[in-house]
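The values are calculated or read from the model by the stated rules, or taken from the named source; none is laboratory data. Everything numeric here is computed off the predicted structure, so don't read it as measured data. Neighbour counts are summed over all protein chains in view; Cβ atoms, including those assigned to glycine, are modelled from backbone coordinates with ideal geometry.
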2 protein chains.
Amino acid sequence: MQDDVAAVRAANGAFYSAFEAGDLDAMADVWEHSDRIAVTHPGWPTLRGWPSVAGSWDAIFRNTPYIQFVLTGDDVVVAGDVAWVTLDENILQATGSPGGGAVDSEELSGARVAAVNVFVRAQDGWRMVLHHGSPVSAGAPDA
Amino acid sequence: MQDDVAAVRAANGAFYSAFEAGDLDAMADVWEHSDRIAVTHPGWPTLRGWPSVAGSWDAIFRNTPYIQFVLTGDDVVVAGDVAWVTLDENILQATGSPGGGAVDSEELSGARVAAVNVFVRAQDGWRMVLHHGSPVSAGAPDA
């Protein structure tokens, strides 16, 4: 069980590493490529199936020149061949400008997102099947 | 498998029935009472464990004199002893006023929430272990 928790934590970490790197190939390695997967980005409707999920990451990566996550309050639950992680994403990011160019620290903005990530056990590790992130209102208390 | 999907749909329906009725006892029957459960209401941080989850429902029920859900786009996935439902909650609600009183149709407001509900198989049926709902931005396209 402790091995499972560690493996799920590693898969969860790979997800955020791919996100920070804006690396679509690494993100593709994190996810199960199937019709049953789903992603809900903050403020977005739910998208289902690998083509839609991959398309959303491509769009986000193209419009996010810089993003950094500080993950807090993570909790891992393993139930047989399914696991889920709940955590807070404390985000520092730069949003894309049409002209591109270097990232200036003054362009950075912060956000707090509550997320759940669901993984399913595959033969060679855990694959993400669901990511749902939602904005936490400013001034909301800590849980 | 079709029996499982139907049973998960029934558990999911019981969740929204309890929510619409503002019935804490019925809501208690829907959930697993454990430390591993979590709820993320729209704009809220994630709350974990049955006491915190139950307390949030109590607070919501006290401040929601009327709420009606029209559920659309639901998708059920069963993976062994865990299942999850993704769906859109199209919400018509009245928010509480300090004086209470009858609900006037002019006080009603609408909202669209993208939700995921996770269930775990128990001896006597499926129990909710996670609910995460997040606001869909006005003007967001359908998935």
If we keep only residues of the stretch A:26-73 that are more than 13 Å from chain B (Cβ to nearest Cβ) and among the acidic types (Asp, Glu), then the residue surrounded by the fewest Cβ atoms within 10 Å (Cβ to Cβ) is A:58
Taking the stretch B:83-110 and keeping residues more than 13 Å from the chain's Cα centre (by Cα) and modelled with pLDDT of 95 or more leaves B:83, B:92
